[in-house]
1. Given a Förster distance of 35 angstrom, what is the FRET efficiency for S745 paired with A689, based on the Cβ-Cβ distance and rounded to 0.05?
2. Taking the number of other C-beta atoms within 10 Å as the exposure measure, put T608, T521, T391 in order starting with the fewest.
3. P(r) of segment 256-313 in 10 Å steps, Cα pairs, percent per bin?
4. Neighbouring Cβ atoms within 10 Å as the yardstick, rank S948, S495 fewest first.
5. So which trypsin sites (Lys or Arg not before Pro) in segment 941-1013 end up in coil per DSSP with only 14 or fewer other C-beta atoms within 10 Å?
6. Take the alpha-carbon positions of segment 922-1013, form their convex hull, and give its projected area averaged over all directions (one quarter of the hull surface) in nm².
7. Identify, among G607, S520, V498, the residue whose Cα sits farthest towards the positive end of the charge dipole of segment 494-642, taking +1 on the Cβ of Lys and Arg and -1 on the Cβ of Asp and Glu, with the dipole about the Cα centre.
8. Using mean Cβ contacts within 10 Å as the protection proxy, how do 113-126, 538-551 order, highest first?
Amino acid sequence: MAYFSPFPPICLFHLNFIFQLLGPVFCATVYLKKQYGENEFSIESWGKTNCSLNGIDIAALGIGRPCEEWPDLATIFCDGKILEAVNYWGERMLFMRVSKHFVDRPLLKDAKKVIDEFKTLFDVTEWNKFVVSEMSEAQVDKLAKFVQQNFGMADGALTEHVPEDWVESPQKFKEIKDEKLRKWATELNKMWKELSKKMPKDMDNNGNQRHSLIYLSNPFFVSGGRFREFRYWDSYWMARGLIASGMTKSVKNMCRNFAEMVNRFGFVPAGGRIYYNKRSQPPFLTFLVYDYFAATGDIEFLKEIMPTLEKELNFWQTNRSIQIKVNGKTKTFYQYRADTKLPRPEVFCQDVELVKEIADPMEKAKIWHEIASASESGWDFSSRWIRKNETDTEKPWKLKNLMTTKIVPVDLNALICGNFEKMAHMYLQIGNKVKSREYHAKYQLFLEDFKSLFYKKEHGIWYDFNFESGTPNEAYYGSAAVPLFTRCYDTIDLSAAVRMFDRMGHFDNDKKLISPFGVSTSQINSSQQWDFPNIFPSTQLMLIEGLRKSGTKRMKDKVKELAQNWVSANFKLFNSKNCGAKVWEKITANEGLPGRGGEYNAQINVGTAIGVLLDTFVTYGGELTLGKIDGSNCEQKDFEIEPRKFPNEVSEYRSKQLAAAQKKVDTINKSQKYWKAVIYEPFALLTDAELKKLDGVFPPIYGPQNQQLKTLETLNIETQYSNDNDLPRQFDARKKWPDCADIISTITDQGLCGCCWAVASASTLTDRICIARLKKGQKTSHYGGSYISAQFTCEFTPGSDGCKGGWPSMAWKFFHKETVSGTNYEMYDGCRPWTIDPIFAGTFFERLPILTMEYLFVGPEASWKTKRPNCKKECRIGWHQTVENEMVDTPTVIGHECWIGWHFGNEQKMMREIMVNGSITASYAVYDDFQITMAADINQIYVRSPNSRKEENGHSVKIIGWGEEKRGNEMVKYWLIVNSRGKGWGMNGLFKMRRGVNEVDIEGDVCFGTPAI
């Protein structure tokens, strides 16, 4: 479910996606139906699902095990009963059936100990006799506890890393002439810091017993999104962007890491996890080294790595070759053919579910082999690999009919061809003419073979070859551009690119393949992600660069057009209100929106898209422009992504956070006598960064930073008390004005939003309007129109940065001009009610959003299902009048006063003002002890505890009275304060703070005003 933030800078909305308040059971079912409903992967209920192997003996099938190098880890992460059990009974251990989140979790103990504990727990003597589907309810409870006690958090396994060669303004960006485009490039360049990682601190190359990660000696880049590891061919597209960013050291690290993989396994695994070690991906290592050398001229490194490049190429020649007769002659070609016939661990449930109706284990294994082989291609999945069922008019492209190993793919063979050509060139660069001639001969020979099988002269295009039928697959796929990209054609034939592009037009009768947003990956709409209408960065780059290499003017002009269209489409999404500030892994050719289809949801800020965009910017920087391009009309609810944290991880997170909070509470209670700290769980579960979102008063507005009195407008304050001695010891505005008591007592909850300054100011003015009406003998009203809208104040106060912060003084100045009505989240009434969900939302799992997103919305008009909040000056749907009439009817202020920066001397003036006119707004410095809470005891008085840490921003509250209480021999004066953190905080949302000593600067930043009644 998708929810949206109302108050980014200048009120620009953006997306946050989340597993939300409906609870894990319903949400997971909805998610799965949404994600897999159009495929055969549908899972109709939340609970156990049919992803048990039902006692299949893997050894008896004669199928080689994956992860052979890590036998203990394999039992957990690759093919064992633990993996099977967690997936089968996943409602307690897997969020939304996402198998990958389990196999990416680190172990808290060595693998052998975890396995022994599992065997003891379930009395397992022989693995093949332990049938997962027959586990009792009590055993499932034990399994859930076992997972909690033995597995860490997937997202916390890797170490953050800022690349040493990252700079904010890369030199090559100067080649980008368009200022708007250059600014966007700078934004994308920052994302490299988010994707750069290092191995966990507890992991080295001397033996891995706790991680599914494959050890890498050097820093590396994860692909992003659900991929918390390097991905082989993704890395090449990232490297193109890294070179554009001037980060050649990072690219060299990438080359070294892949060389380690080749020297260890003989090839580069598909990704940096042990469960990928039986499949590779398109062989781009030679291209990666070639591009690095072209950018740096690092001849010594080239000499060092050439033997490794040969070793990888030998792997493909030995393990992925196939003999095909062409024109009566047997020739060697290459295909994707993974070395595993088992379910992929990262999508275990889907793979097992897919073949549940097939009884023969060997037939299941055949389909799993086809799936893994398609995954090795990087095109997982596409109609390229599927035998179409002509009798099924609704879903003719089912994965059960995969035939990957019957296809000889044009792109893989073009890459092998390119490997030969680049090896010849690089050997020549290091002075090895013998090797150079050897590879040049291989290139020339394979060039002819390649043409004979894949190129259809009368069509002017390359097709995949189906050796089962003995015919080419005469449909357009983005793979047809790879021969142009790798120069696997007669380069003196300058019209080759023109003929291919013209043939693309033949396939594009409905004008959807070549669109204003780019060129679709295929012409077939199969519901798989590597088909129409999706456009992937990799295929787009290979097509554009392949056409550019042709050298013809027509193609050069067409390349500029294609590059401009694709860049513009991505910028529109990046700049859109609903899908903005994100780079999507794929976009659609028919709408220019985030891509759809496939076995997982849309991924954002992935390295492939970032890399290809930056490479395109620099390559065509003098010719591209963003001009007046605005954001697209992206409907965010259609493009969910997976949440960051999940129930199994959050449960452990909760325990750790509460334990840490308890230590903090104990320290505070030992250090002072004025109040008793207790754990307020919603706050205890927040990270420091999330807690900071609650404090939205920008400095310098309190404390010693500003000693100058800044009076914006001085009032003639009514003073019926001639001196300070006339002021009572105790005062409560609710008691003096009982007809306004319920309004004064209203406890708001600002949610995870730093608009405390707007909430406190609007609440204070609401109180004062009620009191002013009483003074004039008018009747008070308690309907929605009587409340000043905090949300409108937060949205439209000049200088407001929305939920990131603002100034109460500016809010009171704004009240001179404009106010509209609007209640808190509970009433949801008035013109512009508060739409941000409270911090405290019920049970623990209902509070999961606190851990995963910035803002949540409630109320019928704020819901993602109907109308989203926006920055237009208009009332909510259903309100009885327009916003223009609201501004006339809702009282403004005729004068206000703010004291900013005084340390002392304001106490009595504040007291007199409260007694005469009602509540006042006060702001103060926040210290980390305040983020716990006080016991729900009226005798608690907040005093900053020793050694507490000051936070960056301050907090605004409403003061409604004062008093004093004895603490031992000391009489302690206090302010009575209404907070904006919900009724669960402090004394039902209220608290007391020491008075008269400018405690945490509360007497140095005060605002109030006179309503125009």
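Just so it is clear, none of the values below were taken in a lab; they were calculated from the coordinates. Bear in mind the structure is a predicted one, so any value in this text is a computation, not a measurement. No Cβ is skipped: glycine too gets one built from the backbone with ideal geometry, and neighbour counts run over all protein chains shown.
1. 0.60
2. Lowest to highest Cβ neighbour count: T391, T608, T521.
3. 23, 53, 21, 3
4. Listing S948, S495 from fewest to most nearby Cβ atoms yields S495, S948.
5. R949
6. 7.1
7. Selected residue: V498.
8. So the peptides 113-126, 538-551, ranked by packing, come out 538-551, 113-126.
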